[in-house]
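Peer 1: Here you go, one structure.
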Amino acid sequence: MTPYVQPPQPLALYGPGFAADPLGHYRRLREHGPIAPVRIAPGVEAMLVTDYQAAIDLLRDTHTFSKDPRAWQKTVPPDSPVLPVLGHRPTALFSDGAEHARYREAINDTLALIEPHILRAEVARVAQQLIGEFAATGSGDLIAQYARLLPLHVFVTWFGVDPEDGERIVAGVGGMMNSAEGAAAAYADLVDVVTRLVAARRARPRRDLTSYFLAHPARLDNDETVRQITLLMSAGHDPSTNLIGNAILHMLTDERYAGSLHGGAMTAHEAINEVLWQAPPIANLAAHYPRHDTEFHGVRLRAGQLVLVSFGAANTQSGPANTQSGPANTQSGPATSDTGVRSGASAHLAWSAGPHRCPAKQPALLIAMTAIEQLTSQLCDAELSVPVSELLWRPGPFHRALAHLPVRFTPLDTTAAASSAQARAGEPAVPIGS
């Protein structure tokens, strides 16, 4: 057996090169063992777990690893573009033990108020409205005009955000996830929007999720409430946009879907599941920090060192065999197991694992499923209007995100749909469950 050899220098996980070919980067990293050094921003290094079993072990090992980044954070320049994603805040994502349980209980109980049938109906209504705004033209950008706007409406409605602040949420979440220049300012603006929202609901509660956070028995103060909501928005909006966009692209480029959104035999559910295996919207994250110097899967780690999990690499190492031409392997070939073994389709790590597993899996899946079903039912002959090789992926170490998704299709008569949407414009916000 050939021993693993550490690469001479960390491989960069940012910039257009990584965005264009993440699977090629993951394959090179796996040559150096289950954990390899990477650079996630200029001057910021980390260890990246690329092995499926090592990722599972790390995500479940709360004894060896902590989620608190404060010791590591002292070693990073305060203006580093990755700090808006990785820097400490009082949230469930950056806490352990009883503190984590307190925050997580408030999040779980609040998300439980989202009634699935109401959410599905609202997503379908907004999807029809958004499609109606460009369907008559015969062309559109399914990221800018659809996938990015639909999850935004969900957050605006359910959290009670002023619609005028919607674009600030999109810019704030997107800017921080890009982890480039302006990331700190983008996150600060997102916090400002939510801070004003929380202050308003503290003074005058309404029937929305923000008010419920404030009334929860966990007794979160204003800043804790702001941070849990910004966490849900950053972990919800951008990944939902990416999941919808990546799944639509998969349907448009995989021959089993016949090059359109309607011609193939596979369903939106199957497309979403394959994307969660092959091109998960959050590609590299789940930051952990060793509590003490340790050896993990044969690799020495220092106390407080940043260790990230590559969901994209772990999934494509152990995921189901795929020889099609979807978004995950346009550049990099089949996403098959290194051992040739096909794992069960429910075992991917796109939702993470262990105590910090994503709490919003079901709402996120429902939003994506409904969004794609609505699109396929109306723009059934949509096809890419540019070669797949010309599509741009947003740079950044943490996500797998299309910058745009231009399509063309047979124009639709949207007069009736526009009239219906206008009639519904004055409807009250969707009520939350009780």
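Peer 1: Taking the criterion of being assigned to a helix (DSSP H, G or I) and either touching a residue at least 24 places away in the same chain (Cβ under 8 Å) or of a type in the set (A, V, I, L, M) (or both), would at least one residue in the stretch 30-39 satisfy it?
Peer 2: yes
Peer 1: Oh, and also: Does the stretch 66-81 hold any residues that are outside any helix (DSSP H, G or I), surrounded by fewer than 23 Cβ atoms within 10 Å (Cβ to Cβ) and of a type outside the set (Ser, Thr, Tyr), and which are they?
Peer 2: 67, 68, 69, 74, 76, 77, 78, 79
Peer 1: Do you know which of the residues in the stretch 111-164 that are of a type in the set (S, T, N, Q) and in a helix (DSSP H, G or I) is modelled with the lowest pLDDT?
Peer 2: 157
Peer 1: Then there's this: Residues to consider are 33, 43; find the one that is surrounded by fewer than 23 Cβ atoms within 10 Å (Cβ to Cβ) and touching a Gly at 6+ places or on another chain (Cβ under 8 Å).
Peer 2: Exactly one of 33, 43 is surrounded by fewer than 23 Cβ atoms within 10 Å (Cβ to Cβ) and touching a Gly at 6+ places or on another chain (Cβ under 8 Å), namely 33.
Peer 1: I'm checking my understanding of the structure. Among residues of the stretch 92-110 that are of a type in the set (Gly, Ala, Ser) and part of a helix (DSSP H, G or I), which one is nearest to residue 46 (Cα to Cα)?
Peer 2: Filtering the stretch 92-110 for residues that are of a type in the set (Gly, Ala, Ser) and part of a helix (DSSP H, G or I), the one nearest to residue 46 (Cα to Cα) comes out as 92.
Peer 1: For residue 355, only one of the following conditions fails: (1) more than 27 Å from residue 105 (Cα to Cα); (2) modelled with pLDDT of 95 or more; (3) not in a loop (DSSP other than H, G, I, E, B). What is its number?
Peer 2: (1)
Peer 1: Answer yes or no as to whether residue 101 is free of Cβ contacts under 8 Å to residues at least 12 places away in the same chain and farther than 22 Å from residue 399 by Cβ.
Peer 2: yes
Peer 1: Pairs under 7 Å by beta carbon, first residue touching a residue at least 60 places away in the same chain (Cβ under 8 Å) in the stretch 140-168, partner surrounded by fewer than 23 Cβ atoms within 10 Å (Cβ to Cβ) and of a type in the set (Lys, Arg), six or more apart or different chains?
Peer 2: 160/201; 160/206
Peer 1: Continuing with the same structure: Please pick out the residue among 21, 57, 51 that is of a type in the set (D, E, K, R), in contact with a Pro (Cβ under 6 Å, 6 or more places away or on another chain), over 25 Å from residue 229 (Cβ atoms) and touching a residue at least 60 places away in the same chain (Cβ under 8 Å).
Peer 2: After applying the criteria, what remains is 51.
Peer 1: Would you pick out the residues in the stretch 226-269 that are in contact with a strand residue (DSSP E or B) (Cβ under 7 Å, 6 or more places away or on another chain) and either at pLDDT below 85 or outside any helix (DSSP H, G or I) (or both)?
Peer 2: Hits for the stretch 226-269 are 259, 260.
Peer 1: On the given criteria, is residue 89 within 30 Å of residue 182 (Cα to Cα), in a loop (DSSP other than H, G, I, E, B) and either touching a residue at least 40 places away in the same chain (Cβ under 8 Å) or of a type in the set (A, V, I, L, M) (or both)?
Peer 2: Yes, satisfied.
Peer 1: Residue by residue through the stretch 206-215, note down the ones that are touching a Leu at 6+ places or on another chain (Cβ under 7 Å) and not in a helix (DSSP H, G or I).
Peer 2: Once the filter is applied, which keeps residues that are touching a Leu at 6+ places or on another chain (Cβ under 7 Å) and not in a helix (DSSP H, G or I), the stretch 206-215 yields nothing.
Peer 1: Can I ask one more? Name the single residue that is surrounded by the most Cβ atoms within 10 Å (Cβ to Cβ) among those in the stretch 353-398 being in contact with a strand residue (DSSP E or B) (Cβ under 6 Å, 6 or more places away or on another chain) and over 19 Å from residue 145 (Cβ atoms).
Peer 2: Per the criteria, the residue is 397.
Peer 1: Further question: Going through the stretch 399-411 one residue at a time, which ones are surrounded by fewer than 16 Cβ atoms within 10 Å (Cβ to Cβ) and closer than 25 Å to residue 44 by Cβ?
Peer 2: 403, the sole residue that qualifies.
Peer 1: Moving on. Looking at 200, 218, which is the one that is part of a helix (DSSP H, G or I), surrounded by fewer than 21 Cβ atoms within 10 Å (Cβ to Cβ) and modelled with pLDDT of 95 or more?
Peer 2: From the options 200, 218, the qualifying one is 200.
The values are calculated or read from the model by the stated rules, or taken from the named source; none is laboratory data. No experiment lies behind these values; they were computed from the predicted model shown. FYI the Cβ positions are ideal-geometry reconstructions off the backbone, even for glycines, and counts take in every protein chain you see.
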